[in-house]
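This structure is in structure tokens; I'll ask about it shortly.
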Amino acid sequence: MTEPLLSVKDLRMHFPITEGIVRRRHVGEVKAVDGIDFTVARGETLGLVGESGCGKTTTGRCILRLERPTGGAIVYDGVDIATLSEKDLVKLRQKIQVIFQDPFLSLNPRMKVGQIIAEPMYVHGIEPDAAKRKARVLELLSVCGLNARFADRYPHEMSGGQRQRVGIARALAMNPEFIVCDEPVSALDVSIQAQVINLLEDLREKFGLTYLFIAHDLSVVRHLCQRVAVMYLGRIVELADSDALFDNPQHPYTKALLAAVPVPDPLVEQGRVFRPVQGEVPSPINPPSGCVFHPRCPIAVDSCRVGRPATREVSPGHFVACTQI
């Protein structure tokens, strides 16, 4: 077994809650990410799924070191990102890039597309020559399926799908190894989603990229990802190969997620019995004791309320955090 490119160990991100104007008092904390573990192999796409507010984006921001984790380790290619200084992070940022969710907000409206793509190359000194930077910009636009004339356009002159392609080109400008894709297609029309997903897959194969693909659309995740991790209220409840997780889900929450996916067949959909999860998602400020899913779980027993379930390997490569399985 080769060492994983990225290894996350007991990652925690707790945001403090304070009150008072003159004298600030710490009154609590939001446990956005509360002790998760996973690895990403080189050249792999790992999907991170779950409903809104479960901690997916916060996990990605910690890996990018846009947030300094409260605890745990984020080991990238043998280096713990969580403890690096700002100076040491500069070199690392050339290897780790991000594609943001909103193509309307992630691009500077005052800069032309060519300038947006060329700026990181100039800032990091990857290509100091202006003529070569311009040629590289045109090359990246072509790779991402855009005409060279888009280099002289402003973001507001482009569609959502075109803007997201610019965001992808900007990430590729750094020649990265690892890209955090933070719901990169959720703001796009369905037809455009398919084009961007296929582009990401082609780029992974062409440049040997590794993705952490954050999403809540399970059909997209199944198409693109080799493995999938399911998050609920700041914790990973199930992690498995994509086919194993979709064909044989083990955790009650994963089963509920997959049951909520509509089937594109009216006859099949009409005959399905859908049983939604009861109750509401608890607050991350005061999460339940023991298993965080136990207040809504149909198979919970008394012991689920006491201790946090350990993550067990129920079959090769299939990990579940549930004592009842």
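Does Ala215 satisfy the condition of being small (Gly, Ala, Ser), over 23 Å from Gly55 (Cα atoms) and either in contact (Cβ under 8 Å) with a residue 60 or more places away in the chain or crowded, with 19+ Cβ neighbours inside 10 Å (or both)?
In short, no.
Right, something else. If you take the residues of the stretch 13-33 that are more than 16 Å from the chain's Cα centre (by Cα) and touching a residue at least 60 places away in the same chain (Cβ under 8 Å), which of them is nearest to Ala310 (Cα to Cα)?
Per the stated criteria, the residue is Lys31.
Also, quick follow-up: Residues to consider are Gly290, Gly279, Gly317; find the one that is loosely packed, with under 13 Cβ neighbours inside 10 Å, in contact (Cβ under 8 Å) with a residue 12 or more places away in the chain, touching a Lys or Arg at 6+ places or on another chain (Cβ under 9 Å) and within 26 Å of Glu29 (Cα to Cα).
On the way: Gly290 fails: loosely packed, with under 13 Cβ neighbours inside 10 Å; Gly317 fails: within 26 Å of Glu29 (Cα to Cα).
After applying the criteria, what remains is Gly279.
Quick one: in the stretch 150-195, which of the residues that are small (Gly, Ala, Ser) and more than 21 Å from Gly114 (Cα to Cα) is modelled with the lowest pLDDT? Spell out how you get there, then give the answer.
So the first thing to find is which residues in the stretch 150-195 are small (Gly, Ala, Ser), and the list is 151, 159-161, 167, 169, 171, 173, 186-187, 191, 194.
Restricting the remaining residues to those that are more than 21 Å from Gly114 (Cα to Cα) gives 186-187, 191, 194.
Working: Ser186: 86, Ala187: 80, Ser191: 83, Ala194: 88.
Only one residue tops the list, namely Ala187.
While we're here: For the list (1) within 18 Å of the chain's Cα centre (by Cα); (2) assigned to a loop (DSSP other than H, G, I, E, B); (3) over 19 Å from Arg93 (Cα atoms), I need the number of the one condition that Pro176 fails.
(3)
Here are Leu6, Leu11: which of them is within 30 Å of Tyr122 (Cβ to Cβ) and modelled with pLDDT of 95 or more?
Within the list Leu6, Leu11, the selection yields Leu6.
Is one or more of the residues making up the stretch 138-156 of a type in the set (Asp, Glu), in contact with a helix residue (DSSP H, G or I) (Cβ under 7 Å, 6 or more places away or on another chain) and either surrounded by fewer than 16 Cβ atoms within 10 Å (Cβ to Cβ) or closer than 30 Å to Ile74 by Cβ (or both)? Outline the logic, then answer.
Of the stretch 138-156, the ones of a type in the set (Asp, Glu) are 139, 152.
With the extra rule that they be in contact with a helix residue (DSSP H, G or I) (Cβ under 7 Å, 6 or more places away or on another chain), the set shrinks to 152.
Among the residues that remain, those that are also either surrounded by fewer than 16 Cβ atoms within 10 Å (Cβ to Cβ) or closer than 30 Å to Ile74 by Cβ (or both) are: 152.
Yes, some residue in the stretch 138-156 is of a type in the set (Asp, Glu), in contact with a helix residue (DSSP H, G or I) (Cβ under 7 Å, 6 or more places away or on another chain) and either surrounded by fewer than 16 Cβ atoms within 10 Å (Cβ to Cβ) or closer than 30 Å to Ile74 by Cβ (or both).
Filter the stretch 88-136 down to the residues that are surrounded by 13 or more Cβ atoms within 10 Å (Cβ to Cβ), of a type in the set (Gly, Ala, Ser) and assigned to a helix (DSSP H, G or I), then identify the one that is farthest from the chain's Cα centre (by Cα).
By that ranking, first place goes to Gly114.
Cβ contacts < 9 Å: first residue of a type in the set (D, E, K, R), restricted to the stretch 66-88; second residue assigned to a loop (DSSP other than H, G, I, E, B), any location; separation 6+ or different chain. Result?
Here the result reads Asp77/Glu3; Asp77/Leu5; Asp77/Arg42; Asp77/Lys95; Asp77/Glu177; Glu86/Arg65, each pair linking the stretch 66-88 to a residue that is assigned to a loop (DSSP other than H, G, I, E, B).
Of all residues being farther than 11 Å from Val49 by Cα and crowded, with 24+ Cβ neighbours inside 10 Å in the stretch 236-251, which is nearest to the chain's Cα centre (by Cα)? Just the residue, please.
It comes out as Ala240.
Here's a check for you: in the stretch 252-262, which residue that is of a type outside the set (A, V, I, L, M, F, W, C) and in a helix (DSSP H, G or I) is surrounded by the fewest Cβ atoms within 10 Å (Cβ to Cβ)?
Lys255
Moving to a separate point now. Could you grab the pairs with beta carbons closer than 6 Å, sequence gap of 6+ or different chains, first residue in the stretch 160-180 and under 21 Å from Arg61 (Cβ atoms), second one of a type in the set (Lys, Arg) and part of a loop (DSSP other than H, G, I, E, B)?
Between residues of the stretch 160-180 that are under 21 Å from Arg61 (Cβ atoms) and residues that are of a type in the set (Lys, Arg) and part of a loop (DSSP other than H, G, I, E, B), the close pairs are Pro176/Lys95; Glu177/Lys95.
Which one of the conditions (1) more than 21 Å from Ile325 (Cβ to Cβ); (2) touching a residue at least 24 places away in the same chain (Cβ under 8 Å); (3) out of contact with any Phe, Trp or Tyr (no Cβ under 9 Å at 6 or more places or on another chain) does Ala244 fail to meet, given that it meets all the rest?
For Ala244, the exception is condition (1).
Table: residues versus (1) in a helix (DSSP H, G or I); (2) in contact with a strand residue (DSSP E or B) (Cβ under 7 Å, 6 or more places away or on another chain); (3) at pLDDT 90 or above; (4) aliphatic (A, V, I, L, M).
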| site | (1), (2), (3), (4) |
| --- | --- |
| Ile236 | no, yes, yes, yes |
| Leu239 | no, yes, yes, yes |
| Pro264 | no, no, no, no |
| Pro288 | no, no, yes, no |
| Cys291 | no, no, yes, no |
| Glu313 | no, yes, yes, no |
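Under the condition of being assigned to a helix (DSSP H, G or I) and within 26 Å of Ser7 (Cβ to Cβ), which residue from the stretch 196-219 is modelled with the lowest pLDDT?
Among residues in the stretch 196-219 that are assigned to a helix (DSSP H, G or I) and within 26 Å of Ser7 (Cβ to Cβ), the one modelled with the lowest pLDDT is Leu218.
Within the group Ala187, Ala148, Ala194, which residue is more than 26 Å from Ala41 (Cα to Cα), aliphatic (A, V, I, L, M) and without any contact (Cβ under 8 Å) to a residue 24 or more places away in the chain? If you could, list the steps in order and put the result at the bottom.
Working: Ala187 fails: without any contact (Cβ under 8 Å) to a residue 24 or more places away in the chain; Ala194 fails: more than 26 Å from Ala41 (Cα to Cα).
Going through Ala187, Ala148, Ala194 in turn, just one is more than 26 Å from Ala41 (Cα to Cα), aliphatic (A, V, I, L, M) and without any contact (Cβ under 8 Å) to a residue 24 or more places away in the chain: Ala148.
The values are calculated or read from the model by the stated rules, or taken from the named source; none is laboratory data. In this text the structure is predicted, and so the values were computed from the model without any measurement. Every residue, glycine among them, receives a Cβ derived from its backbone with ideal geometry; neighbour counts consider all protein chains shown.
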